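The structure under discussion appears below in the form of structure tokens.
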Amino acid sequence: MIELSERHRLVTLISMVQTRYAREIDDGNSTSWPDFFVDDCFYKVTTADNYAANLEAGLIWLDSKNMLRDRILSLLEANVYERHSYRHLLSQPHVTDVEGDELDSETSFMVARITREGPTDLFATGRYIDRYRVTADDAKLVKRIVVLDSNYIDTLLGFPL
């Protein structure tokens, strides 16, 4: 069992990292998105039903920082899509486990998609199930599983959530 002050420090650290993560995506700077992860990271987007059933396949499945970079590069240079941006709203992270320099946490999110010539829509809701590697003043994602509440997946699910 970790002390309350240490748990508070970890929650504050993860909250700060989460805020920077969302801000980078929301500000359109997705090229820096892979920098939030360790080199041998894992990123998956799945539905709540698939997660509850422990089904491995994901809507997005990336298992290294290089795959994250490739995804962003293809989105920025090869794909054609309607110009839009995101706005994340995050809950406070809940630290569920601490093992040495790694910790597990869960954070709820809501993401709005803003189209320049159209409406602002609720794009996705769900939770991040994360494993972080923590240093004295920073934390990097080892694993992020994005669990979407709905089975309905928008066709513009391309940029990171």
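Bear in mind that the values in this text are calculations on the coordinates, not laboratory data. On a predicted model such as this, the values are computed, not experimentally measured, just so you know. No Cβ is skipped: glycine too gets one built from the backbone with ideal geometry, and neighbour counts run over all protein chains shown.
Of Phe123, Leu73, Leu89, which is farthest towards the positive pole of region 26-128's charge dipole, taken about the Cα centre with +1 and -1 on the beta-carbons of Lys, Arg and Asp, Glu respectively?
Of the options given, the answer is Phe123.
Could you tell me whether region 44-98 comes out rounded, prolate or oblate from its Cα gyration tensor? Rule is a ≥ b ≥ c as square roots of the eigenvalues, rounded for a/c under 1.5, then prolate if a/b exceeds b/c, otherwise oblate.
Details: a/c = 1.82, a/b = 1.48, b/c = 1.23.
Taking the square roots of the gyration eigenvalues as a ≥ b ≥ c, region 44-98 is prolate.
Treating only the Cα positions of region 4-148 as identical point scatterers, give the base-10 log of I(q)/I(0) from the Debye formula at each q in 0.09, 0.10, 0.16, 0.21 Å⁻¹.
-0.29, -0.35, -0.92, -1.53
Would you mind pulling out the separation of the Cα centroids of region 102-154 and region 1-66, in Å?
Each part's Cα centre sits 7 Å from the other's.
If you fit an axis through the alpha-carbon atoms of helix 4-26 and take the longest principal axis of the Cα set of the chain, what angle between them do you get, 0 to 90°, nearest 10?
10 degrees
In degrees, nearest 10, range 0 to 90: what is the angle between the Cα axis of helix 65-77 and the longest Cα principal axis of the chain?
20 degrees
How much length is gained if the chain between Arg20 and Thr120 is pulled fully straight, taking 0.36 nm per residue apart and subtracting their Cα-Cα distance, in nm to one decimal?
33.8 nm
Which FRET efficiency, nearest 0.05, do Leu90 and Asp40 yield, Cβ-Cβ r, R0 22 Å?
Numbers: r = 25 Å, r/R0 = 1.15.
Calculated value: 0.30.
Given Ile25, Ala52, Ala136, which one lies farthest toward the positive end of the charge dipole of the chain, if we put +1 on the Cβ of every Lys and Arg and -1 on the Cβ of every Asp and Glu?
Ile25
Treating the beta-carbon of each Lys and Arg as +1 and of each Asp and Glu as -1, no other charges, what is the dipole magnitude of the chain about its Cα centre, to the nearest 20 debye?
Details: 18 positive and 27 negative charges, 73 e Å.
In total the dipole reaches around 360 debye.
With a sphere of radius 12 Å drawn around the Cβ of Arg9, what net charge do the other residues whose Cβ falls strictly inside it have (Lys, Arg +1; Asp, Glu -1)? Show your work: numbers first, answer last.
Details: positive: Arg7; negative: Glu3, Glu6, Asp137.
Net of charged neighbours comes to -2.
Is the shape of region 32-71 rounded, prolate or oblate, going by the alpha carbon gyration tensor and its root eigenvalues a ≥ b ≥ c, with a/c under 1.5 for rounded and a/b larger than b/c for prolate?
On the way: a/c = 2.73, a/b = 2.58, b/c = 1.06.
Prolate, since a/c reaches 1.5 and a/b exceeds b/c.
Once label points are set 7 Å from the Cα along Cα→Cβ at both Asp70 and Glu102, what is their separation, rounded to one decimal in nm?
2.3 nm
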